[in-house]
Amino acid sequence: MIILVALFLWWMVAFGGFCRYSSFKNVILNGVLSLWMTGALASFLFFFSLIGHVNFMVFQWSLLLLGGGCLAFLWRRHWFSLKEIPLGMGLTALQTRLLMAMLLVFTILFSVGADRWGEWDAWAIWMLHAKFLLFENHFTNLFTNDIFFTHPDYPLMLSSLIAFVWKSLGHSSPVVPLVVAYVTGLSLLLGMAASLFELTYRKLGLAIVFVFTFSNLLFSFSHSQYADTLLSLFIVCSFVFYHHRNTGNAALLPLMAGFFAASAGWVKNEGLLFFGLFSCFYLVYNVKHFRRILLYGVGALLPLVVIFIFKMGYAPANDIVASDADGYVAKLTDVSRYLVVGEYYYKNLLSGSQLLLLLVVGAVFAFRWYREMPLWVGGAMLAGYFGIYILSPYGLDWHLGTSFNRLMHHLTPFLIYSAFVCIGQHTNFETLCVRLDSKQ
Amino acid sequence: MRRLFYEPMKKTELFVWILLIVIAMCVLGLRISCQSNAIDELEKVSSGIQPRITPASYLYYVSNNASPELYYKTQFSLIPARVVKKKNWMEIPADSSILLVIDRKMALPDTLSDFLFAQRRVFCADSVPNYSMTLMVSR
């Protein structure tokens, strides 16, 4: 359990840093962001400890002692004060009760749907990788195409977090990935809501919790224990820093945006596509703010170094990248592939994501959302995924059928969250609700 | 400590809500602990095989159950060794380790019986009600 205590101490250190420097007043927002920054850093350190053959005992005790020392130092410098810890959400008693009730419903629904060892990919990919990472001298056995079914080229954020705790407990318990999945889902909900509360769109914050609790937008994935919800969370966090760019700390926010966007590439390969596109649009939208771009790059540096070492030194070639050049040309010039993918996009976007479509279309026409970065990033990601399907070495029907809904799960939370921010910015939604309340 | 939270909800009420969420989580944990899965059975049966293999081992997988699920779960239970599946049993190189996984709910095909009969030596074997694992050397 040493590692859990060490993680908690580091989380508190990061939390203190966020409370002091982010200028977010909302405790929950600071808590969620600092938790996942700690999680990502712990994952990087664990990977470095594996490749450096550092004894796990030494590793966890170093983390614990350094974390404790850091926290004590910051305590003495008065970074923390237990005299008053405002939640900083500005909710009424009824709204707080509503929020807590929805979180309880979320927990119950998660409990009902979750299974031991999760669904297929959860145990066949993420937990299987985690189990390899338990063996510090033999974890490289994973990186071979002899066991290609487990996609050994996939990044290791989720697996390393699970392995981290398994190693500390001394056995591979199925409860650990389940708790990680629950905390991820809860963080996604709370992160989006708390960001909207921080922007003073309190009713929209409650509405987003309602939307994700009482629909299948989150549930079909969250309790499956796949890495897709974790990727959605890192994408949403990147956009949280983007949406607060004018109100938060001018130095910390771009730094963190870079860190979270690049860390998405350590969750899944699709995260690398997100990072590339997000960075391009970040550059375009901040072309006059050189310092912001510089800080964004500095924030992205560590995750990129980790991903580079992993991809160059350990991971076998990705199945799409490993295809031959002639195959690429044949696929790119095959019109029937474009038709199949296009038809699938058309059918599934219309039938599977009505709420998202409604919000996107509504926000675009009513509030000129097309001027905002999230819509462009979302559109570019859809186009990027389209290109990957065209080049896919697998049967198109199978590939689309098994992955398209996951790709939509990466996009849906941040697009809905960004649409809600857009609605909050352009309407007097809070006043409108107050008026409706008073009429009743 | 003057006031921990100055939100409108009382501290006790907030803690009751959090307690309810924790109880729901505990129920989930209990439900998961009571569930059974083929992974658990295979982990149990592989614990008899694990001491006989080295972490760097390549084990060639042979089974009467053709579903990839059993193969993947077998790999899961034998980490850090690598369990490799060949399209044809005859492709397995001589003097390599073969891991035979029998799904006891299914019959043993004659072709597999003949193949197994021809192999050189059985190292060790273990079984649980639904599965058995045998480690042998190929001829």
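The values are calculated or read from the model by the stated rules, or taken from the named source; none is laboratory data. None of the values given here were measured: they were computed from a predicted structure. So basically every Cβ, Gly included, is an ideal-geometry build from the backbone, and we count neighbours across all protein chains shown.
In segment A:301-353, which residues are modelled with pLDDT of 85 or more, over 25 Å from residue A:148 (Cα atoms) and of a type in the set (Gly, Ala, Ser)? Result: A:336, A:342. Taking the stated definitions as given, is residue A:221 free of Cβ contacts under 8 Å to residues at least 24 places away in the same chain, of a type in the set (A, V, I, L, M, F, W, C) and under 18 Å from residue A:192 (Cα atoms)? No, not satisfied.
Taken over segment A:131-142, the criterion of being buried (at least 21 other Cβ atoms within 10 Å of the Cβ) and either at the interface with chain B (Cβ under 7 Å from one of its Cβ atoms) or among the basic types (Lys, Arg) (or both) is satisfied by A:131, A:132.
Is it the case that residue A:106 is at pLDDT below 90 and not small (Gly, Ala, Ser)? No: the conditions fail for residue A:106. In this structure, residue A:90 qualifies as in contact with a Lys or Arg (Cβ under 8 Å, 6 or more places away or on another chain), outside any helix (DSSP H, G or I) and either modelled with pLDDT under 85 or of a type outside the set (Phe, Trp, Tyr) (or both).
Quick grid of which residues meet (1) under 30 Å from residue A:320 (Cβ atoms); (2) under 15 Å from the mean Cα position of the chain (by Cα); (3) part of a helix (DSSP H, G or I):
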{"position": "A:260", "(1), (2), (3)": "yes, yes, yes"}
{"position": "A:270", "(1), (2), (3)": "yes, yes, yes"}
{"position": "A:275", "(1), (2), (3)": "yes, yes, yes"}
{"position": "A:278", "(1), (2), (3)": "yes, yes, yes"}
{"position": "A:283", "(1), (2), (3)": "yes, no, yes"}
{"position": "A:292", "(1), (2), (3)": "no, no, yes"}
{"position": "A:297", "(1), (2), (3)": "yes, no, yes"}
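Inclusion of residue A:206 among residues that are of a type in the set (A, V, I, L, M), over 26 Å from residue A:4 (Cα atoms), more than 9 Å from chain B (Cβ to nearest Cβ) and more than 19 Å from the chain's Cα centre (by Cα) is warranted.
Selection within segment B:54-74: residues that are surrounded by fewer than 14 Cβ atoms within 10 Å (Cβ to Cβ) and more than 10 Å from chain A (Cβ to nearest Cβ). The member of this set that is farthest from the chain's Cα centre (by Cα) is B:66.
Anything in segment B:93-118 that is of a type outside the set (D, E, K, R) and more than 18 Å from residue B:53 (Cα to Cα)? List them, or say none. Selection gives B:102, B:106, B:107, B:108, B:109, B:111, B:112, B:113, B:115, B:116, B:117, B:118.
Just one of the numbered conditions (1) at pLDDT below 85; (2) under 23 Å from the mean Cα position of the chain (by Cα) is not true of residue B:117: (2). Just so you know, in segment A:59-74 the residues that are modelled with pLDDT under 90 and loosely packed, with under 15 Cβ neighbours inside 10 Å include one that is farthest from the other protein chains (Cβ to nearest Cβ), and it is A:73. Considering segment A:102-150 alone, what residues qualify as being small (Gly, Ala, Ser) and closer than 18 Å to residue A:50 by Cβ? If the condition is that a residue be small (Gly, Ala, Ser) and closer than 18 Å to residue A:50 by Cβ, then A:130 is the only one that fits.
Against the numbered list (1) over 25 Å from the mean Cα position of the chain (by Cα); (2) surrounded by fewer than 16 Cβ atoms within 10 Å (Cβ to Cβ), residue A:383 comes up short only at (1). For segment A:167-185, a residue qualifies if it is crowded, with 20+ Cβ neighbours inside 10 Å and of a type outside the set (Ser, Thr, Tyr), and the qualifying residues are A:167, A:174, A:176, A:177, A:178, A:180, A:181, A:185.
For segment A:164-179, does any single residue satisfy the condition of being of a type in the set (Ser, Thr, Tyr), more than 11 Å from chain B (Cβ to nearest Cβ) and more than 22 Å from the chain's Cα centre (by Cα)? Scanning segment A:164-179 turns up at least one residue that is of a type in the set (Ser, Thr, Tyr), more than 11 Å from chain B (Cβ to nearest Cβ) and more than 22 Å from the chain's Cα centre (by Cα). Residues that are modelled with pLDDT under 80 and surrounded by fewer than 13 Cβ atoms within 10 Å (Cβ to Cβ) were ranked within segment B:120-138; the one that is nearest to residue B:93 (Cα to Cα) is B:120. For segment A:128-142, a tally of residues being in contact (Cβ under 8 Å) with a residue 60 or more places away in the chain and assigned to a helix (DSSP H, G or I) returns 3. When residues of segment B:9-30 are filtered for being outside any helix (DSSP H, G or I) and either more than 7 Å from chain A (Cβ to nearest Cβ) or closer than 10 Å to residue A:107 by Cα (or both), how many remain? Count: 1.
Is one or more of the residues making up segment A:18-41 of a type in the set (Phe, Trp, Tyr), buried (at least 19 other Cβ atoms within 10 Å of the Cβ) and not in a helix (DSSP H, G or I)? Within segment A:18-41 (the criterion being of a type in the set (Phe, Trp, Tyr), buried (at least 19 other Cβ atoms within 10 Å of the Cβ) and not in a helix (DSSP H, G or I)), the answer is yes, since at least one residue qualifies.
For segment B:32-53, filtering for residues that are in a helix (DSSP H, G or I) and either of a type in the set (Gly, Ala, Ser) or at the interface with chain A (Cβ under 7 Å from one of its Cβ atoms) (or both) leaves 5. If the condition is being buried (at least 21 other Cβ atoms within 10 Å of the Cβ) and within 7 Å of another protein chain (Cβ to nearest Cβ), then segment A:111-126 contributes A:114, A:117, A:123, A:124.
Residue count for segment B:75-107 under the criterion of being surrounded by 13 or more Cβ atoms within 10 Å (Cβ to Cβ) and either of a type in the set (S, T, N, Q) or more than 14 Å from every other protein chain (Cβ to nearest Cβ) (or both): the result is 12.
Restricting attention to segment A:238-280, the residues that are of a type in the set (A, V, I, L, M, F, W, C) and surrounded by fewer than 17 Cβ atoms within 10 Å (Cβ to Cβ) total 3. Return a yes/no flag: does segment A:143-151 have any residue that is more than 8 Å from chain B (Cβ to nearest Cβ) and assigned to a loop (DSSP other than H, G, I, E, B). There is at least one residue in segment A:143-151 that is more than 8 Å from chain B (Cβ to nearest Cβ) and assigned to a loop (DSSP other than H, G, I, E, B).
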